[in-house]
Structure formats: structure tokens, C-alpha cells
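The values are calculated or read from the model by the stated rules, or taken from the named source; none is laboratory data. Remember, predicted model here, so these are calculated numbers, not experimental data. Cβ: placed from backbone, ideal geometry, glycine included. Neighbour counts: every protein chain shown. We work out accessible area using only protein heavy atoms, side chains counted, and drop any ligands, DNA or RNA first. Shrake-Rupley method; radii C 1.70, N 1.55, O 1.52, S 1.80 Å.
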Amino acid sequence: MGITFRKETFRDDFTFRNSPEHIRRFPFPFHEDAYMYAVNIEPHVVGPKGSVLENLIDVDEHYVAEMQDRALVLAEDPLRCQSLPHMTLAGWDLLELLMEQQALGYPEHFTLTRDGDRWRWINRPLGIDDTFTFGDTSTLPYGPMEYITRQSQGDFCILDQRDGNLWMDAGMVTTQADWSLDFDIGMNFFEWHAPVPLAHEKGIFTRALKFLTNIQQGKPARRLNWTMTVNPRLDTSPENYHKWGPDRATVTPENVGDKVHLRVELQSFWRLPRSNGIVFPIRCYLIKMDELVTQPKWARRLHRVIRDLPDELANYKGLTRFRPTLVEWLSKLDDGSATSSGFGPD
Amino acid sequence: MSTGTTKLDVVVSDVVPVNDLVTRFHFRRRDGDLLPTFSGGAHVVVEMRDGQRTRLNPYSLMGSPLDTREYTISVRRDDVGRGGSLFMHRNVRPGLEMVISYPVNLFSLDLRAKKHLMLAGGIGITPFMAQTAQLAGEGGNFELHYTCRTASLGTYADVLRERYDRRIRLYHDDREERIDLDRLLSTQPLGTHLYVCGPAGMIGWVRDRAAALGWPAETVHFEHFAAPQPGLPFDVTLAVSGKTIRVGEQQSLLEAIEAAGVDPPYLCRGGVCGQCETNVISYDGKFIHNDHWLSEEDHRSGCKIMPCVSRFEGKSLVLER
């Protein structure tokens, strides 16, 4: 058993694909035929077998390819990974969390053995077998946060909690939807959310911060967020806008099914025990329109959501340029019948 | 029971008298596993089954965060309090199975600090036991000033002196020793953070002097050990659950809500964390706000109450619970 890891790329020839099983487990984010912000936070508990929630930290068929892409991004731009000096302890917290969860969920691929503070970590998909002293940074090839997040899918923001606020003081961010750790580092919760339209007026961030600062050890929470990306690029950073921005002008009625991808972020929120910090793993899932519309319910619903999205939101999510083409293409798959409630395919 | 924290099933592994007023309790997990890691300054809420009544009191973890085979707390007996500490002293024996919450930290170290200056009064020493152990393990720079009534009531003063020597300064009330606070606060290096835990009067004094001497508020950290105050009984209607309840003289509003089978969130049970904040739908009477969470404007508005510590006097009160 175990996962069959795909050989694929997220740049140049874009060979990224989802297998049929992975299409069905895609975390489709719309539970109704319209979308508006909500503080859609719920407890992060284990979900159905075969879903992305089967384990609290998900590892899937894209793991090896994503880690290779992360290494390429870091080689070009080391500032995608930063940790302010007071965040090293939180980095050890994160290392423990990710090693524990990956070893628990995927014992055929990962093994963690502890003998006091002498730990051995085996990562078979990446060919790693390291022994180190927990808490002693000199025994690892990188700092603890960088070491483990080079081996974990998704981006990671580690937040310090003080003065009733959260501060983005460390992170590994290489697969982001057009924001930058190097710009946001050291900012508090309101500062880094400043560009988001409509939500401030609704008081969403004030309520969300209150919820997050009360996140307790042993009780993680989660939410879904989404956007769209042209071509299956993981790295859509502001630093590389010149590479991916022009892609938005390349969508045509002929290629929309292959080029336009729904990008869903499963964000989870965990209290870290030693540092009392909070970590947000932001796990990115991509699916191209051709794959998504193999589930008729999703095709009908996505058509209605994108068609009726407020302009401010469409603009913020970068869809404006290709939205008419996409809506026209999706409309042909919408027979007007009702969609069932809930996220899953029929 | 609560929607606020996850629970741990523990057994009392030891009960150790420390001095005339203070007893230390040790907990281990019933399944023999390690307890969750925690950070210096964290507390747990201990559930006490006292006959028909469940008491829930928060106590700081005072062991080293580097060793989670057991948790230790120290309880100061309060003979005129509401009975939680007396229950701990009289009824809790080794072998007793109890339920405690996961650790929660509302008094966290600021790890950016170049130096940690700690001021403790009386039983307020307990969170500093864990914080100093954590900082000593990491080579952190700290200095602790500890005031107690008499040498014999200087809980763990001997332990601290032995562990940390000159980093610990002791002050005894009966010898009329007093912290020279202004001098202490005006001679600290830049980047020092100040932590104070003890009686409300001491916290107020330290915060006021720090503010007067120009310390930025975000460098001054404090933890109240405020138990709910008793008061006149009053009646409350819970609109969402459709219940009318009476809050007894020695009972907090939060405890009365819990006793009625409603499960509101909570973390600190001391009026500081904000978790149990409740909307007031209507009232005819006067609030006695004892919390440190709501703003003065919130207090005046009559729209919100913190049921863990605050009370009410008057004809009617309807809450959104």
C-alpha cells in the first residue's frame, strides 16, 4: 500500500495532473450556489476516509513533486523562508507537530523514533534518515522550521501571540496566492489582512482574531479559502508576478478547461505548546476545470458562483480578465437543475 | 464539559505540604503517557467533584515545561474563600482520579525580551516557577523579586535561591523589607520585559509605577489570581436555552449557568481571557463588573457581562445563553 507519488511539474511544461481518486477527494469549497465571506471556522477534526481530512496533516500524490518545486523556489529566493530570532522555539514546536502527524498518518512513508531528546526521522519518499538532538539547532542542516517545512506540503505561517494580537514572525511561504512573507513579516493580524476588501467593514477580522487568540492546545481549527490560478503554478508570488501575471491574458474558449485552475487553501490553526505561538498551515490544492467538471454538481455550482461573484471580490482574486470566458464555458455545463447541499460531489 | 478546552484524565500521584498555608499536588496521566507539553505561565483548570457540586478552579503549572511526566500545582488555603482551595486541602489525596483541562497560557513570556524582570507576591510565585525553569533551560536572562509575609511563608523561596542564587531577591513583610520599585524599574536595560503576579494591590502598584516611569504597556505583563467574589443572590433568565436560574451567594454566574446544564465556553475563570463574554438582552438593576476584559464603555453600556467573575443586583436580568 502507500501513496504512488506522481512525477510532475508546476512550471515550464506544467505536467501537474490529479488522478481520478484525487479529483473526487478535492476539497471543493462551495456548499451553496453563491459565495460571500463568512468566518467559516470549524474544529479541525479527522474526517471521512479517502478525503483530504482523513489525517490532520494531509500528504498526497503530489508530495514529492511539491517538495522539489519548493526547493527550486528557495534556491532562487531564500527570503521565502524567514524566522525572527525569538521564533526558534516555535520552529521546534512545528517540527514536532509535523513529524508526529506525518508519521501517525503515513507510517509506511515516515517514521519518528524518540529516545529522550535524541530523535531519528525517516522520510522514505525524499530519502532522508536523520538523527538529531531536539532543541539543538546545530544538529540539523537547517533551522527546525526550515528543516521540516522543506518536507511538508503547504505553506506555514508561525505567529507570535502578544498584546491580544497575532504577529507574523516566521514562515515558509512558497506556494502563495499573490502575497509575500518578506513583505508581511513582523506585521500583525490587521496589518497583513489590510488589502482584503469588504471584510473589514463586516467586522470579520475582529471576530476571527478573537477566535484565533483563543485557540487551545489539543483543539486545532480550520477553514477553506479559494482563488483561481491560470496554469498549475504553485508559486504565484508578487516577487514572480512578471512570470505568472501575463498568463491571465492567455485564456481562450479553447484552452480554458486546461489552463484555469481552482485553487483551494485548507488553512488550519494550531496552538504550539512550548512557545505558545500559533501556526497556520496553508495547504494548497489545485484542480483544472477539465478535471473539476467531471463532477456535474461542481460544474453547475461553480458556474453560478463565478457568474454572481461581486466585482470587488472577483477583482481581488484576480479573475476579472478571464471571468467572462470562464463563465461562458461553464454555462454550457449548467442545465439549470438544482444542486444538492454540501461540498461533496453527487 | 466545556467547549473551551480538551480534558485530561489524571490521578493524584502525590500531595506535599509546603508550609502552613500551601500544599503542592502532583498529577500523572491515568494511561501512563506523558502529559502535553506546556509553556511557562500556563494554567490548568482542575475539576473538583464536591458532592452535588462541581468546582472548577484554575491553578498555574509550576513544574518545568521540560518534564511532562507529571504536572504540579500549589494551592494556597483560603479559609474564608468559596471553598475550592479548602476542598483541595481536605479531600484530595494520592490515588484520587481527577479531570483537569489541557494547559492554557494567558501569562506567556515575551520571547523577544532581552531580559525578563519578574515580580511575585505570595502564591503569585507559582507561574514563575515554570517560567524560570524554562528560561534557565534556554540560557535566558531573568531576575526575580519575591515578596512574602514571613520567611516561613516564602513558598519555594529556598528552592529558588538554591537553583538560581543571586537572580532571586527576597523581601519579607515582617522585616519591613519592601521592593525599591522605582529604582528597580528605572535601572533596567533596554529590551527588558516586566512580569508581575500577586495580589491585585501589588499588580496595580507595579503597573502604575511602570506607566509613570515610561514603560510601554506592551512590555508589562501581569496575571491576576482573582477568584469570583461572593454577593447577594440574584435571578437570571437564559434566553437561548429558555431557563431561569438563581445565582447563589457563594456561586459565580458562570457556575450557576453550568449547573443549569448550559455549557458556555471558558478559559481563565478569572475575568481576563474574554472567552465567556455574554450579551445582555435586557436588565433592570445594576451590574457589578469585576472583570478586566471588557472596556469601561462596555461596562457602562449594559450590553455585555463576563459571567465568570461579575454579578448583578436588581429586579431582572436576561442573558443570551
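Some values worked out for this structure:
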| quantity | calculated |
| --- | --- |
| Buried area at the B-A interface (accessible, heavy atoms, 1.4 Å probe, summed, Å²) | 1700 |
| Contact order normalised by residue count of chain B, Cα under 8 Å, 6+ apart, percent | 15 |
| P(r) tail fraction, chain B - alpha-carbon pairs more than 29 Å apart, % | 40 |
| Residue of B:Gly122, B:Gly83, B:Gly261 that the Gaussian network model of chain B assigns the largest fluctuation, springs spanning Cα pairs under 10 Å | B:Gly261 |
| Members of the stretch B:1-50 that become less accessible by 30 Å² or more once partner protein chains are added (1.4 angstrom probe, chain alone as reference) | B:Thr6, B:Thr37, B:Ser39 |
| Convex hull volume of the stretch A:1-104 per residue (C-alpha atoms, cubic angstrom) | 192 |
| 1.4 Å probe accessible area per residue over the stretch B:15-75, in Å² | 40 |
| Beta bridge orientation in the protein assembly as shown: antiparallel %, DSSP, nearest 5 | 80 |
| Gain in span if fully extended, A:Asp77 to A:Phe190, counting 0.36 nm per residue against the direct Cα distance | 38.0 nm |
| Table column - 3J(HN,Hα) (Hz), the stretch A:41-55, Karplus curve with 6.51, -1.76, 1.60, x for Gly and Pro | 9, 9, x, 8, 10, 5, x, x, 4, x, 9, 5, 9, 4, 10 |
| Carbon and sulfur %, accessible surface of chain A computed with the full protein complex present, 1.4 Å | 54 |
| Size-normalised alpha-carbon gyration radius of the stretch B:1-156, reference 2.2 N^0.38 Å | 1.04 |
| Residues losing 50 Å² or more accessible surface upon assembly, the stretch B:206-221, compared with the chain by itself, 1.4 Å | none |
| DSSP-loop GluC sites (Glu not before Pro) across the stretch B:208-258, with at most 16 other Cβ within 10 angstrom | B:Glu249 |
| DSSP-assigned coil residues among chymotrypsin sites (Phe, Trp or Tyr not before Pro) in the stretch A:122-158, each with at most 14 further Cβ atoms within 10 Å | A:Tyr142 |
| Under 5 Å, built H, 5+ apart or other chain: amide partners of B:Leu119 | B:His145, B:Tyr195, B:Val196, B:Cys197 |
| Chain A: radius of gyration over Cα atoms, expressed as a fraction of 2.2 N^0.38 Å | 0.98 |
| Per-pair calculated FRET efficiency, R0 = 22 Å: B:Val280 and B:Val240 via Cβ, rounded to 0.05 | 0.95 |
| Relative contact order [Cα under 8 Å, 6+ residues apart], the stretch A:1-136, whole percent | 19 |
| Mean-position separation - Cα centroids, the stretch A:279-334 and the stretch A:124-156, in angstrom | 36 |
| Per-q log10 I(q)/I(0), the protein assembly as shown, q = 0.05, 0.12 Å⁻¹ (Debye; single scatterer per alpha-carbon; no solvent) | -0.27, -1.35 |
| Theoretical ellipticity at 222 nm over chain B - DSSP helices of four or more residues, -39500 (n - 2.57) apiece, nearest 500 | -5000 deg cm²/dmol |
| Chain A, relative contact order [Cα under 8 Å, separation at least 6], % | 21 |
| The stretch B:116-213: radius of gyration and largest Cα-Cα distance (Dmax), Å | 12.9, 36 |
| Cα-based Rg / Dmax (Å) for the stretch B:59-104 | 12.2, 36 |
| Per-residue [θ]222 nm for chain A (sum of -39500 (n - 2.57) over DSSP H runs n ≥ 4, rounded to 500) | -7500 deg cm²/dmol |
| Burial of 50 Å² or greater, the stretch B:88-111 residues [accessible area, probe 1.4 Å, versus chain by itself] | B:Leu111 |
| Longest to shortest principal axis, alpha-carbon extents of the stretch B:1-73, angstrom | 36, 34, 24 |
| All-pairs alpha carbon distance profile, the stretch A:59-187, 10 Å steps from 0, percent | 12, 43, 35, 10, 0 |
| Radius 11 Å from Cβ of A:Asp182, net charge of other residues (Lys, Arg +1; Asp, Glu -1) | -2 |
| Solvent-accessible area per residue for chain A (1.4 angstrom probe, square angstrom) | 41 |
| Scaled radius of gyration (Cα, divided by 2.2 N^0.38 Å) that the stretch B:165-254 gives | 1.67 |
| A:Ser331 versus B:Glu296: modelled label distance in nm, points set 7 Å from Cα along the beta carbon direction | 6.0 |
| Alpha carbon centroid spacing (whole Å) that separates the stretch A:168-210 from the stretch B:25-81 | 36 |
| For the stretch B:298-321 versus the stretch B:141-183, the gap between their alpha-carbon centres in whole angstrom | 40 |
| Accessible carbon and sulfur surface of the stretch B:201-308 relative to its total accessible area, %, 1.4 Å | 50 |
| Ellipsoid semi-axes in whole angstrom, largest first, where each is sqrt(5λ) of the Cα gyration tensor of the stretch A:137-213 | 27, 15, 10 |
| In order through the stretch B:266-277: 3J(HN,Hα) via Karplus (6.51 cos²θ - 1.76 cosθ + 1.60), integer Hz, x for Gly, Pro | 7, 9, 9, 6, x, x, 10, 8, x, 5, 8, 3 |
| All-pairs alpha carbon distance profile, the stretch B:248-321, 10 Å steps from 0, percent | 20, 59, 21, 0 |
| Probe 1.4 Å, protein heavy atoms only - accessible area per residue of the stretch B:161-291 in square angstrom | 52 |
| Per-residue ³J(HN,Hα) for the stretch A:80-97, Karplus 6.51 cos²θ - 1.76 cosθ + 1.60, θ = phi - 60°, Hz, x for Gly and Pro | 5, 10, 9, 9, 5, x, 6, 9, 4, 4, 5, x, 5, 4, 5, 4, 5, 4 |
